[in-house]
Amino acid sequence: MNDEPPVQTQPSGLGPPADFTTFMRKYQDMVFTTSARLVRNDAQAEDISQEVFIKAHEHFEMLSKSPTAGGWLKTVATNLSLNHLQRYRNRWRFFSELGGGSDAGGDDAPEVEFAAPDTFFEGIDADERRVWVDEALSKLPDHQRVPLILYHFEDIPYDEIARRLGVSLAKVKTDILRARAALAKILARPGASLEALSG
Amino acid sequence: MNTNDPEKLEAAVHRLLRSVPDRRAPAGLEGRVLAELVRRASLPWWRRSYAYWPSSVRVAFFIISALAAALVVSGLIVLGSSSGAQELAGGVTQRFSWIVMSREIAVSAYDRARVFVGAIPSLWLYGAIGTIAVCYAALGAVGAATYRVLTFARQNHS
């Protein structure tokens, strides 16, 4: 991906300071990953990441001295991704919740054995593990995947997730519970291989 | 691990997800951001948002806006109290008489429609409303069912 040297497009004196380029290189993977997990579309995640760094440039004087710059960027990336999803929310909510019974991993789902993560990915390198988990996450419906990501990756509490998504606290808890069960089920599927998960 | 034990499942999923490394950002992202910043920086002040205008221009803009507003308000007051105001109002009314005529046509059509609807038995009206509502709901249901069938067919296919 970005192993090549970055493209320097700005003429001298007009562009952002070199510090900003260093700052961006430090955080671009985190910002892009945060957006890509939520919107599940690389092109849209790249657009959102661009917007995040343009906002960061506007506040660069403050961010360059702040020890919590990473947190600021992550919050902005999360908010912009949620705003993006919000535009389509009513549509996907209607279609995805019409037949709730088809959701994998419901309360009445049969028990499945889920290997502990410490041993589940034993012998699998980090990048392969990331692809595997991303594919499993992408198989979850949006109304389960988004709150699950906000809770486990962004450390946002249940009530805050409910407020941001405009749904009830009970629904957020149920969706996250079902999402965990469904994720365990996908990852524990007998004979599941990377090829099978990546479709 | 048993997924019916929510606490253990939560801890396991949390450990699993947090152990996943970040993805690499696309190679072009840095170049895109820098190019956009350069493009924005090269825009003249009057093509950027108010917050980026020079402070002297912002002050001048505020003063000019206030003066223009005062001028419009005082002009209207002077115009309203002058002897030519009636003449001007008459001219304007004549020029826009088509608006008055359109309004009269609309009112007349509304009255006729009201009389016509009033002559229809209320049972027929409720029946028609109910039929339209059922058709609308059926259309939505067919659309949603088609969407789900096609989506799941695509997912199963892939």
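The values are calculated or read from the model by the stated rules, or taken from the named source; none is laboratory data. Predicted model only: the values in this text are computed from it and were never measured. In this analysis, Cβ positions are derived from the backbone assuming ideal geometry, glycine residues included, and neighbour counts consider all displayed protein chains.
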>> Just checking, does the stretch A:162-171 include any residue being closer than 16 Å to A:LEU38 by Cα, within 11 Å of chain B (Cβ to nearest Cβ), touching a residue at least 24 places away in the same chain (Cβ under 8 Å) and not basic (Lys, Arg)?
In response: no
> Name the residues in the stretch A:36-73 that are of a type in the set (A, V, I, L, M) and closer than 17 Å to A:ASP134 by Cα, would you?
Replying inline: A:ALA36, A:LEU38, A:VAL39, A:ALA43, A:ALA45
> So which residues in the stretch B:19-41 are at the interface with chain A (Cβ under 7 Å from one of its Cβ atoms) and part of a helix (DSSP H, G or I), if there are any at all?
Replying inline: B:LEU29, B:GLU30, B:GLY31, B:ARG32, B:VAL33, B:LEU34, B:ALA35, B:GLU36, B:LEU37, B:VAL38, B:ALA41
> How many residues does the stretch A:136-155 contain that are aliphatic (A, V, I, L, M) and in contact with a Ser or Thr (Cβ under 8 Å, 6 or more places away or on another chain)?
Replying inline: 1
> Within the set of pairs 6+ apart or on separate chains, which have a first residue in the stretch B:52-76 that is at pLDDT 95 or above, a second that is assigned to a helix (DSSP H, G or I), and C-beta atoms under 6 Å apart?
Replying inline: none
>> Being within 13 Å of another protein chain (Cβ to nearest Cβ), at pLDDT 60 or above and out of contact with any Pro (no Cβ under 9 Å at 6 or more places or on another chain) narrows it down to one residue among A:VAL146, A:VAL133; which is it?
In response: A:VAL133
